[in-house]
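Note sheet for the following structure.
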Amino acid sequence: MPPLHTSRLLWNNAGAPEGQPGVFQLVTRNNEAKDLAEVIVGNSFRDAEPGAFKLHPEILPIGPLVADLQFKKPVGHFLPENARCLEWLDVQPGRSVVYVAFGSFTVFSPHQFEELALGLELTGRPFLWVVRPDFAAGLSKAWLDEFQHRVGGSGMIVSWCPQQQVRCTPHDFRGTKSVVKRT
Amino acid sequence: MGHGDEDIHVTTEPRLCSASDLPIMAAPHVLALPFPAQGHVIPLMQLSHRLVEHGIEVTFDNTEANHALVLDGIHLVGVPDGLADGDDRKDIGKLADALSRHMPGYLEELVRRVEASEGTKISWLIADQGMGWAFEVAKKLGIRAPCFWSGSAAFLASLFRVPQLIQDGVIDEKGVRREPNNF
């Protein structure tokens, strides 16, 4: 299993610092409660992370899970998915697109948002960025409009996307955490 | 993927076919309980679709707040999460605390209600690792309960290692790191 810095542990990355003791308590309580379960099944597979499965062989891999190979069955997306991004991806050069998504809980400050936006612009590469309606409260709409105008056809911002389908396009999104997300 | 109808060969095993076994031979009824966050709901919904493919009956239990957000497909039911309408459901500590205090009672009631209305006994509760209290409910009700983890094995391992991290002095009993080191 790769090394993990203590700052990356769950309770150090779950909302505001004052919530950390509560999240840590939850972790320790769930650690004890899981002993009541007769088996632990995980949405992963051995070849993806042999070290972790060696460390905890009691985790039975049953992933990666898909509802159906055609992605037709509803799987409980909370937000409507924007399928236009699939058509947009289809016309981008292969392995060119930067995919940016932070799950369903993460929020950014307007400052963080603007920094990331400018960084994406600087890469000069096409990007698909999932920005939930509640992702960056307080962000100036005028600023965002101007940014979107500037990046034009090379950057696409959607409020939610069909992620498994996005990841099935030939773009090889290396380095994202989105194959098996956390929240 | 085998279809449920192809799996009935077990009924040809005489020792499994006594009259007292007949209620169990009917399609098993599974209650699926995700942690109420997007990245937990989707994988468990995906697993539920696969179980249905195998002829298993699935009731999927969302919190009411999320129940309104997902599409149909499986028997969907919702129970209160213990938070008020305007509360912040992205505050994981607060959400988890409310869940563990209010949901055990609702879950017991739900099991009774579903069993009465569907006429089948719930024989399995597949609960998210983040809903540890649910395994206590399952034990109390005599329901078999596997523990479902929606993300990577490495992340789950980082939670399971908490006792050792404390023992090794990497973090204290409250989860605060003792030294700026890695593990």
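The values are calculated or read from the model by the stated rules, or taken from the named source; none is laboratory data. Note that the coordinates shown come from a computational prediction; the quantities given were computed from them, not determined experimentally. Neighbour counts are summed over all protein chains in view; Cβ atoms, including those assigned to glycine, are modelled from backbone coordinates with ideal geometry.
The helices (runs of 4 or more DSSP H) located wholly in the range A:1-113 that include 2 or more residues which are closer than 30 Å to A:THR123 by Cα occupy A:84-90. Only residues that are aliphatic (A, V, I, L, M) and in a helix (DSSP H, G or I) were counted in the range A:141-157, giving 3.
Scanning the range B:87-135 for residues that are over 30 Å from A:PHE135 (Cα atoms) and within 12 Å of the chain's Cα centre (by Cα) turns up B:LEU107, B:TRP124, B:LEU125, B:ILE126, B:TRP133, B:ALA134, B:PHE135. Among the residues of the range A:37-55, those that are without any contact (Cβ under 8 Å) to a residue 60 or more places away in the chain, facing chain B (nearest Cβ under 7 Å) and not charged (D, E, K, R) comprise A:ALA37, A:VAL39, A:ILE40, A:VAL41, A:GLY42, A:ALA52, A:PHE53, A:LEU55. Looking only at residues in the range B:47-64 that are more than 10 Å from chain A (Cβ to nearest Cβ) and touching a Gly at 6+ places or on another chain (Cβ under 9 Å), the one that is modelled with the lowest pLDDT is B:GLU64. Within the range B:73-85, one or more residues are at pLDDT below 85 and facing chain A (nearest Cβ under 8 Å).
Here is a list: B:VAL137, B:VAL176. Which entry is more than 27 Å from A:VAL66 (Cβ to Cβ), crowded, with 22+ Cβ neighbours inside 10 Å and free of Cβ contacts under 8 Å to residues at least 60 places away in the same chain? Steps first, answer last, please.
On the way: B:VAL176 fails: crowded, with 22+ Cβ neighbours inside 10 Å.
It is B:VAL137.
Residues in the range B:159-183 that are at the interface with chain A (Cβ under 7 Å from one of its Cβ atoms) and within 18 Å of A:ASP35 (Cβ to Cβ): B:LEU159, B:PHE160, B:VAL162.
Listed here are the residues, each with its yes/no results for (1) within 22 Å of B:GLN38 (Cβ to Cβ); (2) out of contact with any Gly (no Cβ under 9 Å at 6 or more places or on another chain); (3) in contact (Cβ under 8 Å) with a residue 40 or more places away in the chain.
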residue: A:LEU120; (1), (2), (3): no, no, no
residue: A:VAL131; (1), (2), (3): yes, yes, no
residue: A:ASP134; (1), (2), (3): yes, yes, no
residue: A:LYS141; (1), (2), (3): no, yes, no
residue: A:SER154; (1), (2), (3): no, no, no
residue: A:VAL158; (1), (2), (3): yes, yes, yes
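Of everything listed in (1) over 21 Å from the mean Cα position of the chain (by Cα); (2) over 25 Å from B:HIS40 (Cα atoms), the single unmet condition for A:ARG95 is (1).
In this structure, B:ARG113 does satisfy being more than 24 Å from A:HIS56 (Cα to Cα), charged (D, E, K, R) and more than 12 Å from chain A (Cβ to nearest Cβ).
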